[in-house]
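Rule-based calculations on the coordinates, nothing more; no lab input. The shown structure was predicted, so the numbers you read here are calculated from the model rather than taken from an experiment. When we count neighbours, we look across all protein chains shown, and the Cβ atoms used for this are built from the backbone with ideal geometry, even at glycine.
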Amino acid sequence: MNQDKPQDIHPRKLNEYSYLVEKQGNMKVPLKIFASEKLLQKMLQDRCIQQGINVAALPGIKGWSIMMPDAHQGYGFSIGGVAAIDTKDGCISPGGIGFDINCGVRLLQTNLTKEQVYPKIKELLEVLFKHVPPGVGAKSIFRLSDGELDDVLRNGVQWALRNNYGLPEDAESCEEGGTMPGADPSKVSPTAKARGRGQLGTLGSGNHFLEVQYVDKIFNKEVAEVFGIKKEGQVVVLIHCGSRGLGHQTCTDYLKKMEAAYPEIIKSLPEKDLVYAPADSHISHDYYKAMCAAANFAWCNRHMIGHQTRRSFQEVFAKDVQLTTVYDVAHNIAKKEEHEAEGEQFLAWVHRKGATRAFGPHRPEIPLKYQETGQPIFIPGSMGTSSYVLVGTEKSMKESFGSTAHGAGRAMSRFAANQQWRGDQLKNQLEKEQNIHIKAASWRGISEEAPLAYKDVDEVVRVSDEAGIGKLVAQLRPMGVVKG
């Protein structure tokens, strides 16, 4: 195993928002890092840059290995890592997608204001907590047969719509329409299915949340208006979760299959979590089909949470309260996409692990209503900090394969955060000092996700904006948070 110390790496500064590690050793492409000096210093405290270098050596990688401003050490790839890998001559790597397949975010905009919602925020959190079960062992209020679960895996959000959950426009405002083509439920193990069957419509734990927010500042009124963000003080809801135990087990299953099938690849790698399957292998195709199925489960999961959120608001306020999906984006996924690098056009598995797709205007993959603006991007904070809405750009297509950051990025481990803070004290502090109310399944769920356990989300967003890989649209601030 390669245990090079991050301090031994000296990226070359290109400008105020990016750095480069030139090709060296067995790297096939350079490593491009989007970061300020402040964020780079954080990256140098763990092995994430070395992981970016390792990714640059994967077969079939095109253009660059890329790290986003929120990058930090992960398994195989860094979290915040992006790689475009040729679908014919390259490979697919579960470590470049992550255990929580299609962990992502969905933003709902409402026709309510901060002044209307805040007096009832505690009541609203109680109702949301009831209708959207959070926590490690959260059980779904929806019961799925084996056939229904396979239908969810194959058809994602379309299953929910056929069963009268949510609205057709929710799917229209969702990456892939909420249904990833190519999914095959038979490639998902019985163990993974058993873990997911009772979890549809649940929030989970860790950094997953349902956050009631208000629009604090609008930077680009024209784009914000297209997104349905009409005025400062407007209430919105940000949902962050993924494929729960089903996605985690699917990743685990295929990592084991690849390790067993390719011992010679394992021996050649600096860390085994970077294991991959060659593009022309049956394992790579089976994994992709299983990953698509898990992604569909995740989109359906966020859709069901959106449905339950709409129901909760109507229960606390009125039946005519409107909650409209702005967009739903994946953070942990591989997509077959056409891109260009060094004058060459190619079809790639674009691995985004802790990274948001940031497609600019006129890409056919994004909804018709966003064709002129580019797609919405959401970069969440952590309980006590702002979240942001950005928009995809033409520049992101050229600089980062249409990708940008996905959040603040952890600055310390959950264990360290739990040692430093107490959940009850954090809850009281956020309520008294910032008027932010929290309803959580456990005190540990609060302490592990303390705002100071994360990097500065304002700095991450500033770098994304200045680099042009996602332009600022609006700033959101939390009022109430449901957590595991």
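When the helix-only estimate is applied to the chain (DSSP H runs of n ≥ 4, each -39,500 (n - 2.57), divided by the residue count), what is the mean residue ellipticity at 222 nm, nearest 500 deg cm²/dmol?
Working: 17 runs with 166 residues, N = 484.
Calculated mean residue ellipticity at 222 nm is -10000 deg cm²/dmol.
Pairs with C-alpha atoms separated by more than 22 Å, drawn from the list K267/K289; K32/K289; K120/K439; K231/K471; K114/K369; K114/K231, are K267/K289; K32/K289; K114/K369. Amide H contacts of F359: Q375, each under 5 Å away and 5 or more positions distant or on a separate chain (H built 1.01 Å from N in the peptide plane; Pro and chain starts excluded). Using every pair of separate Cα atoms, the Kirkwood estimate puts the hydrodynamic radius of the range 189-309 at 17.2 angstrom. Restricting to DSSP loop positions (anything but H, G, I, E, B) with no more than 16 other Cβ atoms inside 10 Å of their own Cβ, which trypsin sites (Lys or Arg not before Pro) remain in the range 379-468? Passing sites in the range 379-468 are R422. When you count the other C-beta atoms within 10 angstrom of each residue and take the mean per peptide, 257-268, 340-351, 28-39 line up highest first as 28-39, 340-351, 257-268. Computed 3J(HN,Hα) for the range 34-43, one whole-Hz value per residue from the Karplus formula 6.51 cos²θ - 1.76 cosθ + 1.60 where θ = phi - 60°, is 8, 6, 8, 4, 4, 6, 4, 4, 5, 5, glycine and proline marked x. Here, the range 375-435 is characterised by an Rg to Rh ratio of 1.14, where Rg is the alpha-carbon radius of gyration and Rh the Kirkwood radius.
Would you mind getting the Kirkwood hydrodynamic radius of the range 59-107 from its Cα pairs, rounded to one decimal in Å? Spell out each step's value before the answer.
Working: mean 1/r = 0.0843 Å⁻¹.
Hydrodynamic radius (Kirkwood, Cα only) of the range 59-107 equals 11.9 Å.
Here the 3J(HN,Hα) profile of the range 84-95, calculated from phi with Karplus coefficients 6.51, -1.76 and 1.60 at θ = phi - 60°, is 9, 10, 4, 6, 9, 10, x, 7, 10, 10, x, x Hz, Gly and Pro shown as x.
Taking each pair of different alpha-carbon atoms in the range 328-374 once, compute 1/r for the pair, average those values, and report the inverse of that mean as the Kirkwood hydrodynamic radius in Å to one decimal. Numbers along the way, then the final one.
Values: mean 1/r = 0.0844 Å⁻¹.
Evaluated on the range 328-374, it is 11.8 Å.
Residue separation of K267 and K369 scaled by 0.36 nm, minus their Cα-Cα distance, works out to 31.9 nm of gained length. Extent of the range 1-159 along its three principal axes (Cα atoms, max minus min coordinate, largest first): 56, 44, 29 Å. Modelled spin labels at L20 and K395, positioned 7 Å past Cα toward Cβ, are 1.7 nm from each other. Dipole of the chain computed with +1 at Lys/Arg Cβ and -1 at Asp/Glu Cβ about the Cα centre; of I53, A341, G206, farthest Cα towards the positive end is G206. When you work out D = kT/(6 pi eta Rh) for the range 6-483 at 25 °C and 0.890 mPa s, using the Kirkwood radius from C-alpha pairs as Rh and the Stokes-Einstein form, the result is 111 µm²/s. Sparse packing (at most 14 other Cβ atoms within 10 Å of the Cβ) combined with a DSSP loop state is found for the following trypsin sites (Lys or Arg not before Pro) in the range 282-369: K319. Neighbour counts of other Cβ atoms within 10 Å put D170, D216 in the fewest-to-most order D216, D170. Each residue of the range 373-389 is assigned a 3J(HN,Hα), and the resulting list reads 9, x, 7, x, 10, 10, 10, x, x, 9, 6, x, 10, 5, 10, 9, 10 Hz, derived from the Karplus form 6.51 cos²θ - 1.76 cosθ + 1.60 (θ = phi - 60°), x at Gly and Pro.
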